[in-house]
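Quick notes on the structure that follows.
The values are calculated or read from the model by the stated rules, or taken from the named source; none is laboratory data. What you are looking at is a predicted structure, and each value in this text was computed from that prediction instead of being measured. Virtual Cβ from ideal backbone geometry, glycine too; neighbours counted across all protein chains shown. What goes into the accessible areas is simple: the full protein's heavy atoms, side chains included, and nothing from ligands, DNA or RNA. Shrake-Rupley method; radii C 1.70, N 1.55, O 1.52, S 1.80 Å.
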Amino acid sequence: MDVKIGNATLSLVLGDITKENTDAIVNAANSGLRGGGGVDGAIHRAGGPAIMEECRKIGYCPAGQAVVTTAGNLNATYVIHTVGPIYKGGTRGEATLLKSAYLESLKQAVKKGSKSVSFPAISAGVYGYPLSEAARIALKTIIEYLKENNSIDLVRFVLFDQAIFDVFSEELQKLA
Ligand code: ADP
């Protein structure tokens, strides 16, 4: 599913983000940048040790922020590691932190001159964010950003299973 936002395209696709060839791909990392399960593990496995080497040097990234490394063996040029909030009921600033994770990732992408960026569904896995709310915040944040900025041409949400893809599609239809 594709929508035009100004001159940019926002796409939802079902797939594996490690296969993307956008300039940057975003990793849903943890604060210690240590790798782990989910999309984080998949990116490190597919991208090889050069990514972890840079993560170790950077050392830490707080929730709501983002840092950049090489993409190693991946097709992308950069991996942007952002840390989403761990969902604890919704009253601990989770929505603000999730929005910030998307925005800071876009800012890092622009800083590196990236024109296209792929995102996973940040915090929607082990971090436990309720899916439709996570999708709504993700899409709203990207749409607002693309309306106000024109350095990014393409944002792709690469959604790993049909259930998440369906939730994102539903929320996008409400917003676009
Ligand atoms: P978080 O800790 O931020 O919740 P997870 O990695 O547990 O991060 O989950 C985030 C989302 O990434 C989930 O929707 C999960 O299904 C998805 N995911 C896992 N592997 C991949 C992959 N290879 N490509 C894209 N998305 C993935």
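Before moving on, here are some points about what is shown:
- Overall Cα dimensions of the chain, principal axis frame, Å, largest first: 41, 36, 28
- A simple rule links phi to the HN-Hα coupling: the Karplus curve 6.51 cos²θ - 1.76 cosθ + 1.60 with θ = phi - 60°, which for region 2-18 gives 10, 10, 8, 10, x, 8, 9, 10, 10, 10, 10, 10, 8, x, 10, 5, 5 Hz, with x for Gly and Pro.
- Derived scalar couplings between HN and Hα for region 35-47 equal x, x, x, x, 5, 4, x, 4, 5, 5, 5, 6, x Hz in order, rounded to whole Hz, by the Karplus curve 6.51 cos²θ - 1.76 cosθ + 1.60 (θ = phi - 60°), x for Gly and Pro.
- Excluding ligands, DNA and RNA, the accessible surface per residue across region 1-136 is 44 Å² with a 1.4 Å probe.
- Carbon plus sulfur fraction of accessible area for the chain, probe 1.4 Å, in percent: 49 percent
- Per-residue Karplus couplings for region 57-72, computed as 6.51 cos²θ - 1.76 cosθ + 1.60 with θ equal to phi - 60°, are listed in order as 5, 6, x, 7, 8, x, 4, x, 10, 8, 10, 10, 10, 4, 9, x Hz, Gly and Pro entered as x.
- Annotation: extensible slack from residue 126 through residue 73 equals 16.5 nm (criterion: 0.36 nm per residue apart, minus Cα-Cα distance).
- Seen from all directions on average, region 1-53 presents a Cα convex hull projection of 4.8 nm².
- Estimated [θ] at 222 nm from DSSP helical runs (n ≥ 4, -39500 (n - 2.57)) normalised by residues in the chain, nearest 500: -13000 deg cm²/dmol
- A viscosity of 1.567 mPa s and a temperature of 4 °C, combined with the Kirkwood radius over Cα pairs in Stokes-Einstein, give a translational diffusion coefficient for region 36-91 of 107 µm²/s.
- Pairs of lysines in region 2-175 (C-alpha under 14 Å apart; 8 or more residues apart or interchain): 6
- Highest average packing first - 61-72, 79-90, 30-41, Cβ atoms within 10 Å: 79-90, 61-72, 30-41
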